[in-house]
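Comments concern the structure below.
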Amino acid sequence: MKIVILERNSVGTDVSVDCIRDFGEVEVYGNTVTAQEIRERVRDADIVIANKAPLREETLKDAPGVKLICEFATGYDNCDLEYCKKRGIKVVNVRDYCTGMVSQHTFTLALALSQKLLHYDNYVKSGQYSAQDRFSNFDLPFYELEGKTWGIVGMGNIGRRVAGIAAAFGCRVIFHSVTGRSTCTEYLRVDKDTLLGESDFLSLHCPLSGLSRNFIDAQALKKMKKTAVLLNVARGQVVDNGALYEALETGEIAAAGLDVVEKEPLEESNPLSRIKDSSRLIITPHLAWASVEARTRCVEEAYRNIAAFLRGEDRNLVNP
């Protein structure tokens, strides 16, 4: 059994992947980017472990032995599921390993933006606070979560956890189902226009698909409150970055917190890179999922997926 780990660094070099060696010969690559690299590295593999490397006909056609693709992630849009199914290649992902961390990061962004924390931290560290003659400063208005409406797109494990935290803060929670198939009954389900028009905070937790791509576009942003805060911890392409830039620059919405952008890492050509005001925009480098605990669980769950596959069991299969 030959196992190839294409993107070992995606789980961090501080987290061991040595447990995978229990299953056979393991070939490890820190990162794999180009189609040629993928083709060469998976050629003799039985099992491929990946994260973002594109695995489709172009990169798998010369690898006849591949039987399992194991994602070091929940998302699997790097895989051509139809082609893999045709080939008899099973694709499995890792689920619910970072729910707590992504939810925590969602509120880290929300609170930092709503309370203007970076502005006030800079105010103190710049010496302006020491130079003033009163005990407090609140020159930039900030607001409470309590009593606000928190809208959610994507009511899976993360969306539900975020809903519970928002409710604990005293928010009214509403959500929209992109597919229309949500089974959630604990919170009020609304149509897209209602979601956009009523949300004070709007957090995105949906997978990327044809239905969710550019879900937040120029038209959607125009329907949001001018005081609204948008939070994207889903996939970068769920939000039209150019349209968001214009909305922030013209004041169509108040602020945005992003852990993902359209193309990663953030390119200088992305207009959002021009906004340096952290009271309006905070961008983190796709790390919402990446606590030490979550990355450790990711490897452990991938291990369990492979063990189940070798026993002839389907675990976390995404292309049945």
Scope the stretch 246-268; condition under 21 Å from T108 (Cα atoms) and of a type in the set (V, I, T); matching residues: I253, V260, V261
Conditions (1) open to solvent by less than 60 Å² (accessible area, probe 1.4 Å); (2) within 16 Å of L231 (Cβ to Cβ); (3) basic (K, R); number of the one not met by R280: (1)
Meets criteria (open to solvent by less than 30 Å² (accessible area, probe 1.4 Å) and either at pLDDT below 95 or not aliphatic (A, V, I, L, M) (or both)) for N316: no
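Among the listed residues L272, L230, which satisfies the condition of being closer than 21 Å to T106 by Cβ, touching a strand residue (DSSP E or B) at 6+ places or on another chain (Cβ under 6 Å), outside any loop (DSSP other than H, G, I, E, B) and at pLDDT 95 or above? Step through it out loud before you land on a result.
Values: L272 fails: touching a strand residue (DSSP E or B) at 6+ places or on another chain (Cβ under 6 Å).
When all the criteria are applied, what remains is L230.
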The lone exception for E198 - which of (1) in contact (Cβ under 8 Å) with a residue 40 or more places away in the chain; (2) open to solvent by less than 60 Å² (accessible area, probe 1.4 Å); (3) closer than 24 Å to A254 by Cβ it fails: (2)
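Restricting the stretch 151-165 to residues that are open to solvent by 30 Å² or more (accessible area, probe 1.4 Å) and touching a residue at least 12 places away in the same chain (Cβ under 8 Å), which is farthest from Y97 (Cα to Cα)?
Of the residues in the stretch 151-165, the ones open to solvent by 30 Å² or more (accessible area, probe 1.4 Å) are 156-158, 160-161, 164-165.
Now narrow it down to the ones that are touching a residue at least 12 places away in the same chain (Cβ under 8 Å): 156-158, 160-161, 165.
Details: G156: 13, N157: 10, I158: 10, R160: 15, R161: 13, I165: 18 Å.
Among those that are open to solvent by 30 Å² or more (accessible area, probe 1.4 Å) and touching a residue at least 12 places away in the same chain (Cβ under 8 Å), it is I165.
Of N9, N78, N93, which residue is closer than 19 Å to T296 by Cα, open to solvent by 10 Å² or more (accessible area, probe 1.4 Å) and not charged (D, E, K, R)? Spell out how you get there, then give the answer.
Working: N78 fails: closer than 19 Å to T296 by Cα; N93 fails: open to solvent by 10 Å² or more (accessible area, probe 1.4 Å).
Exactly one of N9, N78, N93 is closer than 19 Å to T296 by Cα, open to solvent by 10 Å² or more (accessible area, probe 1.4 Å) and not charged (D, E, K, R), namely N9.
Does the stretch 241-251 contain at least one residue that is part of a loop (DSSP other than H, G, I, E, B) and open to solvent by less than 20 Å² (accessible area, probe 1.4 Å)?
From the stretch 241-251, those part of a loop (DSSP other than H, G, I, E, B) are 251; that's our starting set.
Retained after the next criterion (residues that are open to solvent by less than 20 Å² (accessible area, probe 1.4 Å)): none.
Looking through the stretch 241-251, none of the residues is part of a loop (DSSP other than H, G, I, E, B) and open to solvent by less than 20 Å² (accessible area, probe 1.4 Å).
Condition test on V42, is it closer than 24 Å to V292 by Cα, modelled with pLDDT of 95 or more and out of contact with any Asp or Glu (no Cβ under 6 Å at 6 or more places or on another chain)? Steps first, answer last, please.
Numbers: closer than 24 Å to V292 by Cα: no; modelled with pLDDT of 95 or more: yes; out of contact with any Asp or Glu (no Cβ under 6 Å at 6 or more places or on another chain): yes.
Judged against the criteria, V42 is not a match.
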Selection from the stretch 284-313 of residues that are of a type in the set (A, V, I, L, M), open to solvent by 60 Å² or more (accessible area, probe 1.4 Å), under 20 Å from F107 (Cβ atoms) and outside any loop (DSSP other than H, G, I, E, B): V292
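Report, by residue number, each residue of the stretch 201-227 that is of a type in the set (A, V, I, L, M), part of a loop (DSSP other than H, G, I, E, B) and open to solvent by less than 50 Å² (accessible area, probe 1.4 Å).
Step one: of the stretch 201-227, the residues of a type in the set (A, V, I, L, M) are 202, 204, 208, 211, 216, 218, 220-221, 224.
Still in the list and also part of a loop (DSSP other than H, G, I, E, B): 208, 211, 224.
Answer for the stretch 201-227, where residues must be of a type in the set (A, V, I, L, M), part of a loop (DSSP other than H, G, I, E, B) and open to solvent by less than 50 Å² (accessible area, probe 1.4 Å): L208, M224.
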Close pairs (8 angstrom Cβ cut-off, 6 or more residues apart or separate chains): at positive phi in the stretch 294-320, part of a loop (DSSP other than H, G, I, E, B) and open to solvent by less than 30 Å² (accessible area, probe 1.4 Å) anywhere: N316/N93; N316/V94
Any hit, the stretch 166-183, residues being without any contact (Cβ under 8 Å) to a residue 24 or more places away in the chain, surrounded by 14 or more Cβ atoms within 10 Å (Cβ to Cβ) and either basic (K, R) or part of a loop (DSSP other than H, G, I, E, B) (or both): yes
Every residue from the stretch 31-41 that is in a loop (DSSP other than H, G, I, E, B), touching a helix residue (DSSP H, G or I) at 6+ places or on another chain (Cβ under 8 Å) and open to solvent by 30 Å² or more (accessible area, probe 1.4 Å): N31
Subset of the stretch 122-143 [touching a helix residue (DSSP H, G or I) at 6+ places or on another chain (Cβ under 9 Å) and farther than 28 Å from F169 by Cα]: Q128, Y129, S130
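The values are calculated or read from the model by the stated rules, or taken from the named source; none is laboratory data. Values in this document were obtained by computation on a predicted structure and should not be read as measured data. We place every Cβ from the backbone using ideal geometry, glycine too, and count neighbours over all the protein chains shown. Side chains included, ligands, DNA and RNA excluded: accessible areas come from the protein's heavy atoms. Shrake-Rupley method; radii C 1.70, N 1.55, O 1.52, S 1.80 Å.
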